[in-house]
Structure formats: C-alpha cells, structure tokens
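Okay, so here's the structure we're looking at.
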Amino acid sequence: MGKVEAIIKSEIVRLAKREVRKISAPLGRDVRALKGTVSQLHRTVLALERFTALQKRESEKKISFEATPEEVGASRLSPRLIRSLRKRLGISQRELARLTGVTPLAVYQWETGTFKPKKEKKAMLVGLRKLGRRNVKKFLEDRKSEGTEKKAPRPKSKTKSKTKSKTKSKTKSKTKSKTKSKTSKK
C-alpha cells in the first residue's frame with residue numbers, strides 16, 4: 001500500500017505543479033512586461049531630468065540685455081550713437097531689427113533721425129551697449145533658430161489672382177472692341 005500511496009502523492013504533486021504553472025506563467029509574462037515598462041519609464045524620467053537641468057543652466061546663462069529705467073532715462077541715443085553701436089557690435093540693420101523686435105526700416109529711420117526709438121526699444125538699445133560681439137552673435141543665432149522653428153509656409157495671396165483676372169478681362173474687352181471696329185470699317 002505504500003507504493004500506491006507514494007504514486008498518488010507524486011501524481012497529486014505533479015498535477016498541482018501543472019496547475020500552478022498554468023496560472024503563474026501568464027502572470028510571469030505580465031510581470032516581465034511591467035518590469036520592462038517601468039525600466040523604460042525610469043530611463044525617460046532620468047533623461048527628462050537631465051534635460052530640465054540643462055535647460056535651467058542655460059536659462060541662468062541666458063543673455064539679457066535689458067536696462068534699468070534709471071539707465072534708460074539717463075541715456076542719450078542719437079542717430080549717430082545708434083549707428084556706432086551697431087557698427088561696434090558688427091551687425092547689420094536687419095540683425096539689429098531682429099534683436100530689438102522691429103523692422104529694418106525702423107532701424108534705418110532711427111539711424112537717419114526720422115524717428116526716435118520708443119521707451120521699450122530704447123531700453124533694449126541701452127542694454128545692447130553692455131554686450132560684446134560674441135554675446136550678440138550668440139543671441140542672434142538663438143533668435144534665428146527660434147525663428148526657423150516657428151516659421152510656417154505663407155499662404156498664397158488672393159490679390160494676385162484678382163489682378164490677373166482683371167487684366168485678362170481688360171485684354172479680352174480690348175480685343176473685342178478692336179474686332180468690332182475692324183468689322184464696322186469694312
């Protein structure tokens with residue numbers, strides 16, 4: 001009887017292990033998949049933390065050319081001084097316009113004395129006095145890279161098509177009138 005008992009016992013153990021494997025195998029797969037997901041999320045979080053730390057360092061280093069209100073009030077910006085500032089920094093009117101957020105025509109008008117810069121733009125110009133060529137060039141590169149990311153394709157203007165259709169209709173009417181006059185002469 002001991003043999004039958006041992007055989008039944010071993011069979012029960014074998015079937016129990018089989019049932020446990022049936023239940024635990026899918027759970028093991030799920031656990032491995034979740035561990036992989038957790039490790040991937042952990043790597044992503046670390047990368048994002050590194051990126052934010054880098055951004056913080058860059059923002060602390062960020063070039064600022066703002067001036068205090070006292071400096072702006074005490075400063076004098078004549079057309080000659082604006083031109084000499086631009087020449088000292090080694091930038092064009094277009095680049096100065098990009099730095100200050102105005103059009104190149106406005107910079108030209110400041111330099112010729114037609115108009116004077118407004119307070120906020122004057123503050124930027126006073127702040128530019130504090131910077132060197134390298135800082136200005138770096139700031140311009142940053143602005144250019146921001147500008148290329150933000151630019152969207154321009155939609156085609158409708159005015160051109162209107163003018164073309166007007167000119168076509170004018171030429172058609174002229175040719176019609178010419179043919180009428182030729183037929184009436186005959």
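For this structure, a couple of remarks:
- The relative contact order of the stretch 69-148 comes to 35 percent, based on Cα pairs under 8 Å that sit 6 or more residues apart.
- Cross-link table LYS87/LYS121; LYS87/LYS122; LYS122/LYS144; LYS56/LYS87, entries beyond 27 Å C-alpha to C-alpha: LYS56/LYS87
- For the listed peptides 107-116, 93-102, 72-81, a ranking on the average number of other beta carbons within 10 Å per residue, highest first, reads 93-102, 107-116, 72-81.
- Rg and Dmax over the alpha-carbon atoms of the stretch 69-148 stand at 12.0, 37 Å.
- Farthest toward positive dipole pole in the stretch 1-62 [+1 Lys/Arg, -1 Asp/Glu at C-beta], among VAL31, LEU46, VAL4: LEU46
- Remark on the stretch 1-62: hydrodynamic radius 16.2 angstrom, per the Kirkwood mean of 1/r across alpha carbon pairs.
- By average C-beta atoms within 10 angstrom, highest first, the peptides 117-130, 21-34: 117-130, 21-34
- Once C-alpha pairs closer than 8 Å and six or more residues apart are averaged by separation and normalised to the residue number of the stretch 4-139, the relative contact order reads 27 percent.
None of the figures in this text is laboratory data; all of them are computed from the coordinates on show. Being a predicted model, the structure only gives us computed values, none of them experimental. Positions of Cβ are generated from backbone atoms using ideal geometry, with glycine treated the same way; all protein chains shown enter the neighbour counts.
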